[in-house]
Amino acid sequence: MLVIKRKVDEAIFIGGADIKITVTEISKDRVKIGVDAPDDVKIYRGELYDTEKFNVQAALNKPSCSFLDNIMGAKNNRKD
Amino acid sequence: MIIKTRDFGEIDINEDKFINFPNGIYAFEDEHKFVLVSPCGEGQFPMFLQAVENVNLCFVVFDPKEFVPDYSVEISDEDKNTLLEKNDDKLDYLVISVVPEDYMNATANMKSPIVVNSHEKIGVQVIATEDYPIKFSIFKKEEI
């Protein structure tokens, strides 16, 4: 991975001058980053990929009968 | 209206219970209509977020406040617009879970709750800026 030191308001360019990434603010444990990019370039936060993966896993794991029986049975019994 | 569910066969549900997801749910952006099925009883979790037009797409969802009582997520202006949120509209939070064969290992994504404006029947999955785990063990009550 390329690691570059930057100060506030300093930028880097990616792919010629198409994409410009600027550090706009630094606080204790956070940085604010500005991205200038063409409209057709999608920009995602890293967590979004993890969430997509999680959602796919969630959709693929149909809960077992034991989950449905035990968890929901227990809740239903408690309610009764 | 009769809809097909993945886990509970056909159920009869009033169309005014449908929740519209204008942006879909991450990784499933083309599904816009869901319904919350509550087999444990009205208001009891887990609930099942079933896609109305896709029987195979269903999520087991929990109330994050059952795990973290002071759970709270700041909603961006963009998401508020999508939710047509007005000051007095109540927003409900749901977290999607992965329930594996051994369900004691079930996890919930506390980082990316589904926020529902119950009044307008609109839902959005948001990514919290707060530090919540993506994989939270439901039964061990900790991040894994």
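Before moving on, here are some points about what is shown:
- Counting every other Cβ atom within 10 Å of each residue's Cβ, B:C58, B:C40 order from fewest to most as B:C40, B:C58.
- Checking the cross-link pairs A:K62/B:K140; A:K32/B:K121; B:K121/B:K141; A:K42/B:K111 against a 25 Å limit on the alpha carbon distance flags A:K32/B:K121; B:K121/B:K141 as lying beyond it.
- Inter-chain neighbour count for B:33-41: the average number of beta-carbon atoms from partner chains within 10 Å of each residue's beta-carbon is 2.
- Where only alpha carbons of the protein assembly as shown are counted, the Rg and the Dmax (Å): 19.8, 67
- Against the main long axis of the alpha-carbon atoms of chain A, helix A:46-60 sits at an angle near 20°.
- Spin-label proximity, B:E130 to segment B:48-65 - amide N less than 11 Å from point 7 Å beyond Cα toward beta carbon: B:64-65
- Global form of segment B:37-144, assessed from the alpha-carbon gyration tensor, a/c cut-off 1.5: oblate
- Label-to-label distance for B:S76 and B:D7 is 3.0 nm, based on points extended 7 Å past Cα in the beta-carbon direction.
- Anisotropy class of chain A from Cα gyration tensor, a/c 1.5 cut: prolate
- Residues B:D77, B:D7, ranked from the fewest to the most other C-beta atoms within 10 Å, line up as B:D77, B:D7.
- Counting neighbouring beta carbons within 10 Å and listing from fewest to most, the residues A:F54, B:F34, B:F139 come out as B:F139, A:F54, B:F34.
- Under 5 Å between amide hydrogens, built in the peptide plane, is the criterion, and for B:H119 it picks out B:K90 among residues at least 5 positions away or on other chains.
Values quoted throughout were computed directly from the atomic coordinates according to the rules given, and no laboratory measurement underlies them. What you see is a predicted model; the values in this text were computed from it and never measured. For neighbour counting, all protein chains shown are included, and Cβ atoms are generated from backbone atoms with ideal geometry for every residue, glycine included.
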